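**Q** Sharing a structure, written as structure tokens. Questions coming.
The values are calculated or read from the model by the stated rules, or taken from the named source; none is laboratory data. Keep in mind it's a predicted model, so treat the numbers as computed, not measured. Every residue, glycine among them, receives a Cβ derived from its backbone with ideal geometry; neighbour counts consider all protein chains shown.
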Amino acid sequence: MGWNTFTVRSRLVWRLIRLHPDAPSSLESVWISTLRSRSFELPDGSGPVSEDPYNNVVRTTVEALAAVFGGTQSLHTNALDEAIALPTNFSARIARNTQLILQQETGIPNVADPWGGSYMMEALTDELESRAQMLIREVNEFGGMSKSIYEGWPKRRIEEFSARRQARIDSGEEVVIGVNKHKVQDQDGKDDSREDKLKSRVPVRIVDTRSVRSEQMEKLKSVRSSRNNDQVASALERIRLAASGGDNLLEACVHAGEVRCTLGEISSAMEDVWGRHRASTGLVGGVYGREYSHGDEVSKVLELTRSFETRTGRRPRLLVVKLGQDGHDRGAKIIASGFSDLGFDVDIGPLFQTPAEAARQALESDVHVVGISSLAAAHRTSVPELISEVRRGGGEDMTFILGGVVPEDDFAQLKKQGVDMIFGPGTNVVNAAEKVLRHLVEVKQVAR
């Protein structure tokens, strides 16, 4: 689900079912198949921004309205503070009530297809359908969706689009209110600094990850001590058999949950048969640089990287990492793509690394900068652990930058623990690259 109100059309699902080569031939069968299909719409992950965050309420409402007009049956609405921290009860209630107001106060759900018959909307749906069919044909030519996912094709396409869009936002070509236009200003009419804009604007939820981990460990211990472990072993073996091509796998997983198997045990049982999927960590290069329209700003940063290389004998090198169970890597891939186009050598770590694994990769690659992306509130524990591991391994001069959803209240402590720079959602990639380069030269004195 995106920000363009007129191009979010869940009814496209019905069109694709009707026109698919394997679709039922009779209209009645098509209608039955369509009724069995369910459309769930999730907002674009780039929707909420940290600057002027109450604007996110309006953004979420417009997104939700577009999805409802399109005929979605299930919907997620973002909380206003999701670009700053994990949602509070206050912000989550507003997000929930956004759906309830659309459902119970507006009368919109009483009409099956409010935009039906609109020439503009039908033309847009035709165009969207045509593009969707092109993608479906491309997937089929690739050998099917499973093979496409295994090879990382859908992920690369998403990353290319994300990099292009971020470049348009950073250059001001695509407007985001409060980020690149109509920014919050101080009393003198000047733009506030990032930290001032974040500070004390919304209530922030702080998560003590050590406490959460301890509580979860205790819960797991309690579950394992109170269940029938013979039933657990039998249920896990049933999953292995189903994963090998025997019984219904979903049914086996439901049964495993009923006898109190943990999610980790269920996943491990399937891993015993299939192995573990490793998401592609390839770099999408050239996309950000081509789309960014302010060539003079790019040229300035490229000149800095060339100067750095002349002085040190190599280009500035960045490792981008994701730690723990945080699988949201869209922002990390945008940074990797953008910094690569701006003259950095960029390495990307695999998803779900431990701090020790990321530190080992940083030391072996001899990088100048470790960029950590955090969107699941684990920064208070995982980031200091990574820095300590690197320091113990001899990387005293490395620069550490942190990006993602990090509450401003945590900034001071993180910097005491060794984080050099912190960038929130919506950061201009070109400006960030310039700041990192200047930090390497002026503070770390790498190229002096």
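**Q** Checking SER337 against (1) out of contact with any Phe, Trp or Tyr (no Cβ under 6 Å at 6 or more places or on another chain); (2) assigned to a helix (DSSP H, G or I): exactly one of these is not met. Which one?
**A** (1)
**Q** Tell me which residues, restricted to the stretch 64-116, are farther than 17 Å from GLU41 by Cα, free of Cβ contacts under 8 Å to residues at least 60 places away in the same chain, outside any helix (DSSP H, G or I) and of a type in the set (Val, Ile, Thr).
**A** Within the stretch 64-116, THR106, VAL111 qualify.
**Q** THR310 - would you say it is in contact with a Pro (Cβ under 9 Å, 6 or more places away or on another chain), closer than 19 Å to LEU437 by Cα, part of a helix (DSSP H, G or I) and at pLDDT 90 or above?
**A** no
**Q** Looking at (1) under 19 Å from LEU437 (Cβ atoms); (2) surrounded by 14 or more Cβ atoms within 10 Å (Cβ to Cβ); (3) at pLDDT 80 or above, find the lone condition where LYS322 falls short.
**A** If we test LYS322 against (1) under 19 Å from LEU437 (Cβ atoms); (2) surrounded by 14 or more Cβ atoms within 10 Å (Cβ to Cβ); (3) at pLDDT 80 or above, just (1) comes out false.
**Q** Let me ask something additional. If I ask for residues that are in contact (Cβ under 8 Å) with a residue 40 or more places away in the chain, surrounded by fewer than 24 Cβ atoms within 10 Å (Cβ to Cβ) and closer than 15 Å to VAL320 by Cβ, which ones from the stretch 356-367 would you list?
**A** GLN361, SER365, VAL367
**Q** Within the stretch 405-422, how many residues are surrounded by fewer than 23 Cβ atoms within 10 Å (Cβ to Cβ) and either within 25 Å of VAL175 (Cβ to Cβ) or of a type in the set (D, E, K, R) (or both)?
**A** Of the residues in the stretch 405-422, 6 are surrounded by fewer than 23 Cβ atoms within 10 Å (Cβ to Cβ) and either within 25 Å of VAL175 (Cβ to Cβ) or of a type in the set (D, E, K, R) (or both).
**Q** Among the numbered criteria (1) modelled with pLDDT of 90 or more; (2) touching an Asp or Glu at 6+ places or on another chain (Cβ under 8 Å), which one does SER222 miss?
**A** (2)
**Q** Also, I was wondering about something else. If GLY295 satisfies all but one of (1) under 30 Å from ARG157 (Cβ atoms); (2) without any contact (Cβ under 8 Å) to a residue 40 or more places away in the chain; (3) in the same structural domain as ALA376 (by TED's automatic domain parsing); (4) surrounded by 14 or more Cβ atoms within 10 Å (Cβ to Cβ), what's the number of the condition it fails?
**A** (4)
**Q** Consider only pairs whose beta carbons are under 7 Å apart and that are at least six residues apart or on different chains; among these, list those whose first residue lies in the stretch 138-153 and is part of a helix (DSSP H, G or I) and whose second residue is surrounded by 13 or more Cβ atoms within 10 Å (Cβ to Cβ) and among the small types (Gly, Ala, Ser).
**A** VAL139/SER148; PHE142/SER148
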